[in-house]
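What follows is a short report on a single structure.
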Amino acid sequence: MDTQRTGQGILSGSSLALLILFAAGVLLWLVLGAATGLGETTAFGLYVAAFFALMAAGAGLLIFSALPDTLGFSALQPLSGKANLLALACLVGGGLFILADVGSPLTLWRMLTGPNVSSPFVWDLLFFAAAFVLGAAFLPVSLQKREAKGLSWVLSLICLALLVVEGSIVATVWSNPLFVAGFVVTGLLAGGALLLWLAPTDSPPELIRPLCTTLASLIAAWLFFSLLDPLTALFLGATEVGETARLILAGPYSPLFYVQILILGVLPLVQFARKKEAGLTYGQGVAAGLVLLGVFVDKYIVLVPRQMNPAIAFPSTPFTAGPAYAATVAEWSLTIALLALVGLLYTLAARTMIREVPAAAQLPFEQRRVA
Amino acid sequence: MRYGMVIDLDRCVGCNACTVACKAENGTPPGIFWQRMLLTERGRYPFARLEATPLPCMHCEEAACVKVCPTGASSKRKDGLVLIDADKCIGCRYCMVACPYGARSFNSGARPYYPGKGLTPYEKVRYQEHPAGKVEKCTLCSQRVDKKEEPACVATCIAKARFFGDLDDPNSEVSQLIARKGGYQLLPEKGTKPQVYYVGGGKRRWIRRELAKASSAAQVSLS
Ligand code: SF4
Ligand code: SF4
């Protein structure tokens with residue numbers, strides 16, 4: 001959670017820590033052989049999972065950042081600029097993960113210069129670029145707390161489309177259209193959780209309460225989509241889908257499923273659903289952290305071949321009873337480095353572009369509370 | 001002109017001559033099979049038997065691989081052959097995920113057939129046709145088709161179980177076989193409209209499940 005009490009000194013200290021983490025991660029990655037994604041035997045590895053997680057967070061944050069204009073949620077106005085900045089940092093990080101995955105700028109160039117418009121990958125890139133450009137255009141609006149209804153609606157719809165396209169890519173892999181809804185929900189969840197982290201500790205209940213209620217509803221929706229499919233499939237009997245459902249619920253990898261249900265579902269849901277009179281609490285901050293971790297885990301286990309579903313035989317990896325892929329130390333070090341870079345970009349940009357005003361004073365006059 | 005193939009499962013003896021002929025013709029590295037053989041044990045002892053289903057690329061009319069390929073490296077020729085332009089392929093493997101038949105393989109680098117002995121002169125020459133970091137698959141022997149020859153698997157099949165020809169010509173051997181013996185495609189529900197038809201074999205309905213379980217090249221090949 002951001003706080004006025006942290007002050008500029010700690011902010012520069014955290015920037016330094018993030019810079020060291022980034023440099024150390026990149027160095028370790030280089031020493032360990034600079035692994036890229038497409039050169040590996042298994043496609044859709046950790047880099048792609050991190051890309052999808054950052055895209056979810058970026059798109060979700062931009063949708064939240066535009067909410068004061070789109071749905072008139074004015075209590076969110078003071079956080080709109082910060083959300084916009086962090087979203088842009090997430091999108092930059094996502095772009096770097098794609099570069100790490102494809103391995104060389106030339107490969108990326110091929111993808112950009114000879115696009116096949118029927119490919120969802122190309123649509124993903126197009127919506128990603130559009131979200132970034134529109135997000136950047138929205139930045140002065142959100143920082144200066146101006147009104148731009150048209151732009152905010154277009155930005156929100158493009159971000160929604162980005163989440164839908166990414167969900168449809170995964171839906172092809174799993175032959176399950178529910179993933180589209182799941183991606184939209186996890187995008188909004190990641191955005192909402194990051195927003196809670198951006199909120200000052202002395203944020204008024206007018207901001208925190210609706211945010212927590214929104215997060216609780218989104219988690220309930222995520223639980224619904226996650227449980228609906230395996231539970232209904234169970235009734236399909238001795239079919240391939242039914243067998244898959246049983247493997248998810250009671251197979252060798254079911255602990256992963258239940259851990260995910262716990263960290264992205266039950267635990268934060270309990271926290272966010274509790275009635276609170278006060279502003280932002282420590283518990284809510286932790287719950288937001290669990291949500292973020294849960295979204296990352298969600299992307300990892302739906303993307304990484306058979307981490308979750310041993311019944312899905314992925315190409316290029318022989319069918320075995322165990323997971324076909326485990327991210328290497330090199331991949332983890334670059335992932336941590338790039339996530340640190342996202343944090344670093346945000347802290348540096350926030351330091352130069354955002355002027356801190358006490359949280360209560362940022363609310364519209366009629367919503368301010370007498371302390 | 002729409003090239004296609006018919007495989008008669010009542011005639012196929014599962015000898016894998018087609019698999020080996022494909023390897024010889026196309027010089028594929030170890031672990032990469034453009035023509036695979038799905039071997040499935042059916043029934044219970046003492047009536048158990050092994051059923052063989054040859055699986056080439058289906059050269060689908062509505063090829064899922066072509067639709068999803070971001071660079072246009074996978075494309076369909078006018079004569080129906082689905083081919084990959086290795087220069088354009090970035091190795092993203094989205095096509096492999098999209099293909100319901102597991103027909104594609106990723107070439108992660110030249111591996112020798114004799115581990116520890118390095119590449120043989122033959123391998124050094126042939127592997128130039130198989131660049132690392134790219135996806136590859138059956139081409140229906142486009143190099144032979146362009147010379148008006150049959151694909152190597154068809155020419156080799158000892159049981160005369162494979163037939164090749166123009167599906168658009170109602171008088172071609174393949175069209176006649178499909179009409180006469182009730183030709184069917186694998187996984188028609190995927191909407192890919194395969195150009196490889198099967199006849200006989202009791203319309204292997206179980207194949208959907210087996211394909212989902214064993215779509216990797218290693219699983220369904222000679223291994
Ligand atoms: S079988 Fe697979 S690789 Fe071959 S054309 Fe059809 S979708 Fe493409
Ligand atoms: S791996 Fe190559 S052929 Fe397959 S989708 Fe990617 S670029 Fe296209």
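Details
- Using θ = phi - 60° in the Karplus curve 6.51 cos²θ - 1.76 cosθ + 1.60, the 3J(HN,Hα) couplings for region A:126-140 round to 5, 5, 4, 4, 5, 4, 5, 5, 5, x, 5, 5, 7, 4, x Hz; x is entered for Gly and Pro.
- Counting only other chain Cβ atoms within 10 Å of each residue's Cβ, the peptide A:159-171 averages 0.
- Within the accessible area of region B:22-132 (1.4 Å probe), percent carbon and sulfur: 57
- Whole-number percent relative contact order across chain B, with pairs defined as alpha carbons under 8 Å at least 6 apart: 33
- Solvent exposure of A:SER254, expressed as accessible area, is near 10 Å², computed with a probe of 1.4 Å over the protein chains only.
- Residue order for A:VAL31, A:VAL266, B:VAL135 - accessible surface, 1.4 angstrom probe, largest first: A:VAL31, A:VAL266, B:VAL135
- Each residue was assigned an accessible area with a 1.4 Å probe, and for B:TRP34 the value is about 20 Å².
- Per DSSP, loop chymotrypsin sites (Phe, Trp or Tyr not before Pro) in region A:159-240 with at most 11 further Cβ within 10 Å: A:PHE235
- Interface size A-B, as summed buried accessible area [1.4 Å probe, Å², nearest 100]: 2400
- Neighbour net charge for A:GLY114 - beta-carbon separation under 14 angstrom, K R +1, D E -1: 0
- Inter-centroid distance (Cα atoms) of region A:44-110 relative to region A:180-222, Å: 16
- Kirkwood hydrodynamic radius of region B:3-222, from the reciprocal of the average inverse Cα-Cα distance over all distinct pairs: 17.9 Å.
- Net charge, A:SER226 excluded, C-beta distance under 14 Å - Lys, Arg +1, Asp, Glu -1: -1
- Under Karplus coefficients 6.51, -1.76 and 1.60, residue-wise ³J(HN,Hα) of region B:35-50 in Hz, glycine/proline x: 10, 10, 10, 8, 9, 10, 7, 10, x, 10, 4, x, 10, 5, 8, 9
- Taken along its three principal axes, the alpha carbon spread of region A:140-183 comes to 44, 16, 12 Å, from the longest extent down to the shortest.
- On the beta carbon distance between B:LYS181 and A:ALA129, with R0 = 45 Å, the FRET formula returns roughly 0.30.
- For region B:3-222, a simple Cβ point-charge model (Lys and Arg +1, Asp and Glu -1, everything else neutral) yields a dipole of about 680 debye relative to the Cα centre.
- Ranking by accessible area, most exposed first, for A:VAL295, A:VAL26 with a 1.4 Å probe: A:VAL26, A:VAL295
- Solvent exposure of B:LYS23, expressed as accessible area, is near 40 Å², computed with a probe of 1.4 Å over the protein chains only.
- Shape call, region A:40-129: gyration tensor on alpha carbons, a/c limit 1.5: prolate
- Ranking B:GLU129, B:GLU149 by solvent-accessible area of protein heavy atoms (1.4 Å probe, all protein chains present), from largest to smallest, gives B:GLU129, B:GLU149.
- Rolling a 1.4 Å probe over the protein heavy atoms gives region B:3-222 an accessible area of 44 Å² per residue.
- Members of B:LYS23/B:LYS67; A:LYS82/A:LYS149; A:LYS299/B:LYS190; B:LYS134/B:LYS160; A:LYS82/A:LYS145 lying beyond 21 Å, as alpha-carbon distances in this model show: B:LYS23/B:LYS67; A:LYS299/B:LYS190; B:LYS134/B:LYS160
- All other residues whose Cβ lies under 12 angstrom from that of B:LYS160 are scored, Lys and Arg at +1 and Asp and Glu at -1, for a net of -2.
The values are calculated or read from the model by the stated rules, or taken from the named source; none is laboratory data. None of these values were measured; they are calculated from a predicted model. Every residue, glycine as well, gets a Cβ built from its backbone with ideal geometry; the counts of neighbours run over all protein chains shown. Heads up: the accessible areas ignore ligands, DNA and RNA and are worked out on the full protein's heavy atoms, side chains in. Shrake-Rupley method; radii C 1.70, N 1.55, O 1.52, S 1.80 Å.
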